[in-house]
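J.: Would you mind keeping the following structure in view while I ask a few things?
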Amino acid sequence: MLSEIESHPVDRKARVQLKPVGYLKRSAAERVCDFDEVILGFNGDLAAEEAARCLQCPEPQPCMLNCPAGNDIPAALWHISQSEFIAAAQVFAATSPLPEVCGRVCPNLCQEGCVLSQRWGAVSIGKLEAFVADEARLADGLMIAVPIEKTGHRVAVVGSGPAGITVAEDMIKLGHEVTVFEAWPEPGGVLIYGIPNFKLDKSIVMYKIQDLLDAGVKFVTNTRVGEDITVDELLGQYDAVFLGTGAGVQAAMNIPGEDLPGIFKSTDFLVRANVPQDILPEEQQTIPDVGQKVAVIGGGDTAVDCARTAIRLGAEEVHIVYRRTEAEMPGNAGERKICLEEGVQIDYLQAPVEYYPGENGRVHSMKIVKMELGEPDKSGRRRPIPIEGSEFIREVDTVVLAVGYWPDPLLGEKTEGLETHKWGLIKVDESNGATSKDGVFAAGDNVHGPDLVITAIASAHRAAESIQKYLEGQVYLDE
């Protein structure tokens, strides 16, 4: 691509003066009335104009250095500036199987590296990626090419979230037989059962699943590996196994009253509100009645998702309760801004210590203690310290706990020889995704804890490369 760029030199002095082209977004008053996607993004003319701001920096391009998957962003933006949208989408798809997803939900690490951040603002790489992926989808420009001759090797993929999808696609492209096992009723993992519709319409993910089906990938749903079938049993049927089960076990605070009716854990709350009932387990097919006052406990992207969901369910007053300040808050600052636009309030330096029931037994109020920040803890963030005598009572109709996630410990408990640590995280060789058990590989959130879609994709690609070497009998360890 460098030669193509060099043959079309850009005037960087002129481009650096160009201001960002605004993308389209639904108004807060309109979008809180439904669960449709909030960001409308670009049309063709706006996309080409925004991409033309790219300076086409000489190597090493900082946007590419910031992208965990190594997307060739300058090449993609060059194609977009020429209105070559399908070609641009294919550039993104060469290194990421989910450009339509990453463009919507990733915090755009690539944009943080854009040198234009210091001027008028970075190029809107994520929104452009989503736009061209959607255009390519309409034109069947993202089909998965598979070889006619098959290798005869069989690979089992456990989990159908970003990591599982990545390995499944990489393996099917190499001619292997691939079967994906998923615990939920439908494939998609966290992309279907974790991310709300207003950020990622479920049809986007379902199109991708259909691509994999068309390419020959098989899906087995309603199957929890470690319970319904073991890893050792899979190794008896397949030549290699990849574990991409994510981090879906929700943490608890273990404070009095936490088990009261009306107190939800985040995933349960989100799936009940955001996922069609016909693809939910029977016990989760009831939409939460949130009442008027909702408190969401936590400070990450999931807390923001839950708060925005509560607004759409009709809550009149929604508070995110976070024990630190905004400076320490994890998650996407852009998403928090959208959340505030929709009427959510964020209460910093506060934490619940007890929940109380009303006459009907449902949660009615909670005791909150105010906090101050002390010295940094192991995370590098300043440690919150309760202020003695600062407790107060707040009435609530619903509480949602969004205080963290861990991997399913069942895999480690039920798989002899599979080493885990820190409440279930799978130990791997970081260079290749190999676990302590021969023929078993892992990547994504079940290895590193909750992280980004793009980081799961990047680590899954490395694991897929090692699986291929393993199947070929090569040494896959890092030399």
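Just so it is clear, none of the values below were taken in a lab; they were calculated from the coordinates. Predicted model, so just to flag it, every value in this text is computed and none were measured. All Cβ positions, glycine included, derive from the backbone under ideal geometry; neighbour counts span all protein chains shown.
J.: Give me T286, T151, T245 sorted ascending by neighbouring Cβ count inside 10 Å, so fewest comes first.
T.: Ranked by crowding around the Cβ, least crowded first: T286, T151, T245.
J.: So what's the gap between the Cα centers of the range 53-92 and the range 261-280, to the nearest angstrom?
T.: Cα centres, the range 53-92 to the range 261-280: 38 Å.
J.: Would you tally the net charge around E317, using a Cβ to Cβ cut-off of less than 13 Å, leaving E317 out, and scoring K and R as +1, D and E as -1?
T.: Value of the local net charge: -3.
J.: Rounded, prolate or oblate: which fits the range 335-458 when a ≥ b ≥ c are the square roots of the eigenvalues of the alpha-carbon gyration tensor, with rounded for a/c under 1.5 and prolate only if a/b beats b/c?
T.: Verdict is prolate for the range 335-458.
J.: In the range 252-403, if the dipole is taken from +1 on Lys/Arg beta carbons and -1 on Asp/Glu beta carbons about the Cα centre, which of Q277, I287, S390 is farthest to the positive end?
T.: S390
J.: Assigning unit charges at the beta carbon (Lys, Arg +1; Asp, Glu -1) and nothing else, what dipole magnitude in debye, to the nearest 20, does the chain show about its Cα centre?
T.: For the chain, the charge dipole is close to 1180 debye.
J.: Follow-up. Averaging over all projection directions, find the projected area of the Cα convex hull of the chain and quote it in nm² with one decimal place.
T.: 24.4
J.: Another question, then. Along the positive direction of the dipole of the chain (beta-carbon charges: Lys, Arg +1; Asp, Glu -1; about the Cα centre), which of I263, G103, A333 reaches farthest?
T.: A333
J.: Here is a follow-up. Return one quarter of the surface area of the convex hull spanned by the alpha-carbon atoms of the range 112-256, equal to its mean projected area, in nm².
T.: That works out to 13.3 nm², a quarter of the Cα hull's surface.
J.: Another question, then. In the chain, which helices (entire DSSP H runs) extend 15 Å or more along their own long axis, judged by Cα positions, while averaging at least 0.0 on the Kyte-Doolittle scale?
T.: In the chain, the long hydrophobic H runs are 125-138, 162-173, 202-215, 453-471.
J.: Compute the label zone of K25 within the range 346-370: residues whose backbone N is under 20 Å from the point 7 Å along Cα-to-Cβ.
T.: Answer for the range 346-370: 346-347.
J.: Can you tally the lysine pairs in the range 252-403 where the Cα-Cα distance is under 23 Å and the two residues are eight or more apart, or on different chains?
T.: Close lysine pairs under the 23 Å cut-off: 7.
J.: Return, for the Cα atoms of the range 239-314, the radius of gyration and Dmax in Å, separated by a comma.
T.: Using the Cα atoms of the range 239-314, the pair Rg, Dmax is 14.6, 54 Å.
J.: Rounded, prolate or oblate: which fits the range 2-138, taking a ≥ b ≥ c as square roots of the Cα gyration tensor eigenvalues, rounded meaning a/c under 1.5, else prolate when a/b beats b/c?
T.: Here the range 2-138 falls in the prolate category.
J.: Right, another one. As I understand it, the dipole of the range 348-441 uses +1 on the Cβ of Lys and Arg and -1 on the Cβ of Asp and Glu, about the Cα centre. Which of Y356, P376, A402 lies farthest toward its positive end?
T.: Working it through, the farthest residue towards the positive pole turns out to be P376.
J.: What number, in nm² with one decimal, is the all-direction average of the projected area of the convex hull of the alpha-carbon atoms of the range 252-403?
T.: One quarter of the hull surface, i.e. the mean projection, equals 9.6 nm².
J.: A further question on this structure: Given labels modelled 7 Å from the Cα in the Cβ direction, how far is it in nm from Y207 to S390?
T.: About 4.8 nm, to one decimal.
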